[in-house]
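To keep things clear, I will list the structure first and then write my remarks on it.
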Amino acid sequence: MLSQLDSLKTDALAAISAAQDEAALETVRVNFLGKKGSVTALSQGMKDVPVDQKKEVGAKLNDVRTTITDGIESKKFALQAALDAKAVEGIDITLPGRPSTGNGAMHPLTQIRDLAIRTLRRLGFILAEGPEIETEFHCFDALNTPADHPARNEKDTFYLPDGRLLRTHTSSVQIRTMEAAKSLPIRIIAPGAAYRRDEIDATHLSVFNQLEGLYVSNDVSLADLKGTLEAFFREIFGPNTAVRFRPHFFPFTEPSFEIDVKLEATGKDARWIEIAGCGMVDPAVFTAVNQSRGDNLFDPETTTGFAFGLGLDRLAMILHSITDIRHLIENDVRFLQQFAA
Amino acid sequence: MQVSLSWLSTHLDLSSYTVPQLSDLLTFAGVEVEGIEERGVTTDKVVVAQIESFVQHPNADKLSVCQVNDGTGIRQIVCGAKNFKAGDKVPLALPGAVLPGGFAIKEGKLRGVDSMGMMCSGKELGLGDDHSGLLILDAETTIGTPFNQLVPSDVVFDLEITPNRPDLLSHLGLARELSALTDIPLKGQRDYAKTSTKSKSAADDQVALRATDVCPLYTARIIKDVKVGPSPEWLRRRLESIGLRPINSIVDITNFVMMEMGQSLHCFDLDKLHGGIVVRNASEGEQMLALDGQTYTLLTDDLVIADPKRAIAIAGVMGGEETGVTEATTNVLLEAAWFTPSNIRRTSRRLGLSSDSSYRFERGIDPQQVAGGSELATKLILSIAGGTAEDVLHVAGEVPALTGEVTLDEDRARKLLGTPDLTGDEIHTILEKLGLGKKAATKHESRWHIPSYRADLQRPVDLIEEIARVIGLDRVPSKMTAVAVPSDATDRAYDFAMTLRQALVNRGCFEAQTLRLIADVQLPDTLGGGTGVAVKNPLSEDHTTLRPSIIPGLIATAALNIRQGADRLRFFELGRVFLKLPNGNSREEERLAILISGPVSPSSWHARTPHAADIHELMGIITNLPGLSRVSIEPKAVKESPANFLLTSELRAGNRNLGWIAQLHPSRTRDISARHPVYVAELLLSALRQGSTGPAKFEELPRFPGMTRDVAMEVPADLPHAKVAAFFASQKEPLFIASEVFDVFTDPTGQKIAKDRKSIAWTLTYRSPEKTLESAEVDAAHQRILAALEKALPATVRR
C-alpha cells in the first residue's frame, strides 16, 4: 500500500506538470482526488490495513493528498500568471498616446488676464464691468477730460450716429461703479475691451484689452498705490522685478504716474518697459460722480482713492515675447497651440 | 519737442550733469525723454587737417595711404573713402580721441601700413547720416583748429511734454524746471516778464479788438526799414539744432523767440495791410489763403486777425500768404497776443491744421510774457535786420489773470501722499523752488501765490502733485492693504466663464479672440438673428459694425486656418455681442460661440483619418458644458434658417432660450474652402449660468438593484427622437425610472428596412425603493409601457 501510494504521488505530480490549462488540471484533480479518483479509492482500502500499520499508512495517505492538492493549486496559479503575462505581450509602451479629442488651449490673453485677476483678487479686489458703448459723460466728462480734448475727436474715437461712443479706455467703469455704489470702500478691477481709431499694424489694434483698477475709501494714499502695484507686478514678473513710477499726466488722476518694470529681453540688457498708468483719483472725478448720483457719498474733501490701468495685449506681448500684436487677433491654431497648458 | 543742451546751457550751467543723469532728472520730473542725439564732438583731439598727397595702398585695392597735415606736422593716415582730392580739408581724429558712440582712436597698422589717426565722415562725428565719404570742410578753415570750434557739440533731447505743462515748451521753461530740480541757479539775466518798452492803449484804427472773450490781449509794434535776408550763423544753427528750417531773418527771429521763451509771435508785411489790425470772429464761410499754400474756409467760431478788408491770419494757428514777410519786405507789424486755448484748439482740430504756434496757444502760454516776447523779438530784429522800431507797444485788452492763490492743507498733503514724516519746511522748499510765492503759513496750512506760467496749479491737489513729483515715489513707503470686499454677480460670471473655457479646452477646443468690429459682408454669418450696431466713423470697410454674433469672427478664423492648411477645426470664443434694439438703443450681452469641423480626433497611428465630426458631435460638446449637466436641451428648428446656414435650431431648456446651433451652408463652406462640414453654435452665457446656480442637493442612493428591459421598435424615419423621449418621460408607471436610446438604424437602400422607416432601440430601467424586484413584476410593468407606446406613437414594437 505504501509503495502504491508512492507511485500514485509520482503519477499525479507528472500529470499536474503536464497539464497545459485549467481544464486539464481539473481532470487531473478528478482523476486523483475526485469521488472515483485513485487516491480516494486507495483511502477506502484503509479499513483493511492492519492496525499496527494504520498510523503510518494514514500519514502517508494524508501526505499524498496534500502534495497533490498543493501541486494543483500552485500549477493553477502558475497557469493564471502565464495567462496574465500574455495579456500584455507585444504592447509597445513607447508609442505615442491615443489623442482622444486632443488638448485645446486658452487664448494667451485670457491666460494673462486670469493671472492678473487671480493676483488682484488675493489682494481683495472684486470684478466690475460696464458697457463698451458708452456716453461721453462716462468716458470723458466725468473723468475730468476737457470738452475740446483731442481724445474726443472723431479722428481718434469711434462714435455711433446717436452721439454715443465706443469707450476709449476701461476707466469709464470707474464712473459706472461709483455711480452704482451703496457705500465705501470700493475695490474693483475691470478687465475689458477698449477702442481707438488706430490703423491695425504690428503694434496697434483698433480694439484692445485693458485692465482697470480702482480703490476708493477715506484714507487711501499714494503709499497704498505704490505698495499694491509693486506687489502686483512682482507677482506677474517675478519677486525681484524692479518697478519704478514716473510722474505723468492723466486728466482723471492727480498725481499721476506711469509705471515701468525692468525686464530682460533675450540677448539684450535689461531695460525699463512702460507697463501701466496710475494715480490718485482727481477730486474733480468725485465731484462729477456726486453730481450724477445726486448725493455726496464721494465727498472730495475726505474721500481718496487710487486708480490704475494697464494694457493686457502689451502685457501678453512682453511676457511671451510676441513680436506682432496681430497674432493676438488672427487666432492661427499654430499660434494658439503654443500656449497650451 | 526738441531741446538743445547748448541752448539750455545759456540759461543755467549743467556741466556737472552727464547726459544720462539729465535724462533721468527729466524722466522723474514727469518729462518723458523719447530720444537723445549727441551731435559733433566734445574732444579737442579732432582737428582740421589738410590732405597733402595720397597713394594706393600696396596691399588693399579699396584703401589709400594719405599724407595729412594736422597743423603740427605730417601724419600718415590709411583711409577707405574715395571722395577727396589732394588739398582738401577734412576732420582728423587723433589717437586718443573718442568719437560719438564710444569709438576710441588708436595708432595702428592697416594691412601692414601705419595709420596714425582717422579722417572722419559727418556721421562718425554725430552730424547727420552721411557716411558716403569724408566730411569735406570749407577751404577757408584753418588747419589745426579743433573741430568743436568749427561745429560746437550739442546734445538734443526729444521730449514729450504732457499737456498740463505748456510752460515747459521752451528752453527757458525747461531751464526753470531744471533749476528747481537741481538747485543750479538760473543765469537770470533774462526776465521776460519785465520789459522796458512803454505800453500804450492801442487806438481803434491801430488795433480793433472785437473778440475779447477769445483774445483778451493783443499787442502790435511797427518796425520800419528792415532789411530781410538770411539769418546769421548762430541763429540758423540754433534753429537747425532743434529741427527747424531757417527761412529768413524775421521769420527765424519769431521762431527763435518762441523756442527761447514760449511766446508765439507773428510778423505781417505792413505794406500789404489795408489799414489797422482787426481781431474778430470769421464770417461764416470766409476764406483765407494761408502760408502753407492752402485755402481754408472758416466759420464764425474761428478767430481771425484781419485788416479792414479781409482776414490776414487764422489767429494763433497760421498767418496768411498775402501778408507774409518776404525778402522784399521793408516794414513789419509784429504781433504778440494771448488767445484762449480752447478756441485755438477747436479751430486747429476742425481745419486739421496744426503749427508750433497753435500747439502752444492751445495748451496755454504765459500771459505775463506777451510783451516780453515782443520786446525780445524787436531787439533781435533791430540788431539783425536793422530798421527802427516804434518806441511804444500798442496794447489792446488786458493781461488775463489765470493764476491766483492756493491754500494748501499740509496734513491733507501728508495723508494723500502717505508720507507722515514730510515736514512743512520740506514742502515749502519744494514749492518755493518751483517759483511759488509763500503768502502766509500756519502750522498746518500755507497760502501760495502761483506764477503766471503755471496755470495748471489751481487747486490744493495740484500743489500736492508738485510735491509728489519732486520728492519722487522712492520717498513714499510701500503700503499694502488687503480689504475684504464681498464679491458680486460679475465675479460669479467671470468664474463661470473660466469654467466653461476650461471645459472646452479639455474637449480639444482652442479659444479664439476675434475683433468685435466686423465688416458688413460678414453680417450674413450672424447666428441668432440680431442686428449689429454700426459705427459712424469706421476706419475701413473691414471694421464697420459692432458684431451682433461671434460666429462671423469664428468663420473668419476657420477660413484663415484652412488657408494655413488646418484640417481639424475646434474653436470657441467667449465675449460680448452688441444688439440693436427696435427703440434705437442697444444691448450688450456675453455669449459663447463654438465652431467645429473635421476629424473627431487628431490623426495618429491609432487612426490615420478619424471620421469627420457631425452635428451630434457639437451637440455632445454642448450638452456636457458646465451649467447644462442637469438641463435637458430641446433643439427647435427655426422657421427660416438664415441663408448661410442649414438645420438652424434654437436650443431650449423649458421656456429658456440657451442659444442656437446650425450647420454652415455647403455653399458658404465651399467659400472658405473647408474640406469638411462646419458646425456652429452660439449660446447665451446668462442662460447657461442659470442652470448652474446653487450647490447640488444630495439624493439618497438606491438601496435595491434595478432591472433593465430593452425594446426595439420600427417607426417612421421622420419621427424625431425627442417625441419618443417625451413619451417615456411622461410615463407614470411607478417602477419605471429611466430610459435611454441605444441604437438608431436606417437603410437608405431600403433592403434591410424600408427607406421611410427606421429601427430604434431603447433600454428601460425599473427599480423599487423598497425591495428587490421580481422578474414578473418588471415584465408586467414593461408590457404596460409597450402597450401605451404603441398607442401613443406610430411605432411597431418588435417582440
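The values are calculated or read from the model by the stated rules, or taken from the named source; none is laboratory data. Treat the numbers as computed from the prediction; the structure is a model and nothing was measured. With ideal geometry, Cβ positions are generated from the backbone for all residues, glycine too; neighbour counts draw on all protein chains shown. Accessible surface areas use protein heavy atoms only, side chains included; no ligands, DNA or RNA. Shrake-Rupley method; radii C 1.70, N 1.55, O 1.52, S 1.80 Å.
Before moving on, here are some points about what is shown:
- Shown are A:Leu225, B:Leu515, whose ranking by accessible area with a 1.4 Å probe and every protein chain present, most to least, is B:Leu515, A:Leu225.
- For region B:41-112, carbon and sulfur atoms together expose 52% of the accessible surface, with a 1.4 angstrom probe and every protein chain in place.
- The value of relative contact order for chain A, using C-alpha pairs under 8 Å at least six residues apart, is 16 percent.
- Of all DSSP beta bridges confined to the protein assembly as shown, the antiparallel ones make up roughly 95%.
- Longest stretch of chain B clear of exposed loop sites (chymotrypsin sites (Phe, Trp or Tyr not before Pro), DSSP loop, at most 12 other Cβ atoms within 10 Å, sites excluded): B:1-604.
- Using a simple spin-label model with pseudo-atoms 7 Å out from Cα toward Cβ, A:Ala23 and A:Thr241 lie 7.2 nm apart.
- For B:Met258, the solvent-accessible surface with a 1.4 Å probe is about 10 Å², rounded to the nearest 10.
- Chain B: relative contact order as a whole-number percent, Cα under 8 Å and 6+ apart: 8
- Calculated accessible area for region A:1-145 comes out at 56 Å² per residue, all protein chains present (probe 1.4 Å; ligands, DNA, RNA ignored).
- Cα long-axis angle, helix A:108-122 against chain A (0 to 90 degrees, to the nearest 10): 80
- Contact-buried residues of region A:285-320, at a threshold of 20 Å² lost accessible area versus the chain by itself: A:Glu301, A:Thr304 (1.4 Å probe; DNA, RNA and ligands ignored).
- Normalising the Debye intensity of region B:603-757 to I(0), with uniform scatterers on Cα atoms only, and taking log10 at q = 0.10 Å⁻¹ returns -0.55.
- Applying a DSSP loop filter and a limit of 14 other Cβ atoms within 10 Å to the GluC sites (Glu not before Pro) in region A:127-209 leaves A:Glu154, A:Glu199.
- Label sites at B:Phe698 and B:Ser383, each approximated as a point 7 angstrom past Cα along Cα to Cβ, lie 9.6 nm apart.
- Per residue of peptide A:251-262, the mean number of Cβ atoms on other chains within 10 Å of the residue Cβ is 3.
- Whole-number Å³ per residue for the convex hull built on Cα positions in the protein assembly as shown: 342
- In chain B, a dipole from Cβ-located charges (positive for Lys and Arg, negative for Asp and Glu) runs towards its positive end, and of B:Thr499, B:Ile384, B:Asn255 it is B:Thr499 whose Cα lies farthest in that direction.
- The charge dipole of region B:198-397, taken about the Cα centre with unit charges on the Cβ atoms of Lys, Arg (+1) and Asp, Glu (-1), comes to about 340 debye, rounded to the nearest 20.
- Taking amide H as placed 1.01 Å from N in the peptide plane, the amide H of B:Gly659 sits under 5 Å from that of B:Leu651, B:Leu684, each at least 5 places away or on another chain.
- Both chains summed, the buried accessible area for B and A stands near 7800 Å², from protein heavy atoms and a 1.4 Å probe.
- For peptide A:121-130, the mean count of partner chain Cβ atoms within 10 Å of a residue's Cβ comes to 5.
- Candidate aspartates and glutamates - alpha carbon under 12 Å from B:Lys439, same-chain residues fewer than 8 apart omitted: B:Glu405
- Here the gap between B:Asp391 and B:Glu426, fully extended at 0.36 nm per residue and compared with their Cα-Cα distance, gives a gain of 8.0 nm.
- Net dipole in debye of region B:621-671 [+1 Lys, Arg Cβ; -1 Asp, Glu Cβ; about Cα centre; nearest 20]: 100
- Counting only residues at least eight positions apart within a chain, or on another chain, the lysines with an alpha carbon under 25 Å from that of B:Lys85 are B:Lys45, B:Lys62, B:Lys106, B:Lys109, B:Lys123.
- Region B:386-477: trypsin sites (Lys or Arg not before Pro) in DSSP loop, at most 13 other beta carbons within 10 Å: B:Lys443
- Within 10 Å of each Cβ in B:321-327, the average number of Cβ atoms from other chains: 0
- Residues of region A:173-198 that bury at least 50 Å² of accessible area once all protein chains are present, compared with their chain alone (1.4 Å probe, heavy atoms only, ligands and nucleic acids left out), are A:Arg187, A:Arg197.
- With protein chains left intact and a 1.4 Å probe, residues in chain B average 46 Å² of accessible area per residue.
- In degrees, nearest ten, helix B:489-506 long axis to first principal axis of chain B (Cα): 70
- Across the options B:Ser601, B:Asn644, B:Phe510, the greatest Cα extent toward the positive end of the charge dipole of region B:489-690 (unit charges at beta carbon of Lys, Arg, Asp, Glu) belongs to B:Ser601.
- Backbone N under 13 Å from the B:Gln149 label point (7 Å along Cα→Cβ), restricted to region B:49-92: B:49, B:71-72
- Each of B:Thr18, B:Trp7, B:Val55 was scored by the projection of its Cα onto the charge dipole of region B:1-143, and the greatest displacement toward the positive side belongs to B:Val55; charges sit on the C-beta of Lys, Arg, Asp and Glu.
- Label-point separation, B:Asp301 to B:Asp271 (7 Å along Cα→Cβ), nm: 4.0
- Loop-located GluC sites (Glu not before Pro) in region B:195-293, at most 15 other Cβ atoms within 10 Å (DSSP): B:Glu284
- Only the Cβ atoms of Lys and Arg (+1) and of Asp and Glu (-1) were treated as charged; on that basis the dipole of the protein assembly as shown about its Cα centre amounts to roughly 3660 debye.
- Annotation: lysines with alpha-carbon distance below 28 angstrom to B:Lys732 (same-chain offsets under eight excluded): B:Lys636, B:Lys697, B:Lys723, B:Lys758, B:Lys771, B:Lys791.
- Residues of region B:25-54 buried by at least 40 Å² on assembly (accessible area, 1.4 Å probe, chain alone as reference): B:Thr27, B:Phe28, B:Glu32
- FRET efficiency for the pair B:Thr746 and B:Ser673, taken as 1/(1 + (r/R0)^6) with r the Cβ-Cβ distance and R0 = 25 Å, rounds to 0.20.
- The C-alpha atoms of chain B define a longest principal axis, and helix B:424-433 lies at about 60 degrees to it.
- Percent RCO, i.e. relative contact order, over region A:2-87, from Cα pairs under 8 Å lying at least 6 residues apart: 38
- 19 Å reach of a label modelled at B:Arg492, 7 Å along Cα-to-Cβ, counting backbone N of region B:660-700: B:684-698
- Taking the helices alone, chain A has a mean residue ellipticity at 222 nm of -13000 deg cm²/dmol, built from -39,500 (n - 2.57) per DSSP H run of at least 4 residues and averaged over all its residues.
- Cβ-Cβ distance of B:His721 and B:Glu588, R₀ of 22 Å, FRET efficiency by 1/(1 + (r/R0)^6): the value works out to about 0.05.
- Sites B:Thr18 and B:Asp183 - FRET efficiency at Förster radius 22 Å, r taken between beta-carbons, to 0.05: 0.80
- Per atom type, region B:262-346 shows carbon and sulfur on 50% of its accessible surface, probed at 1.4 Å.
- Helical content alone sets the calculated 222 nm signal of chain B at -7500 deg cm²/dmol, taking -39,500 (n - 2.57) per DSSP H segment of four or more residues and averaging over every residue.
- 3J(HN,Hα) along region B:301-310: 6, 7, 8, 10, 9, 9, 9, x, 9, 7 Hz, from the Karplus curve 6.51 cos²θ - 1.76 cosθ + 1.60 with θ = phi - 60°, whole Hz, x for Gly and Pro.
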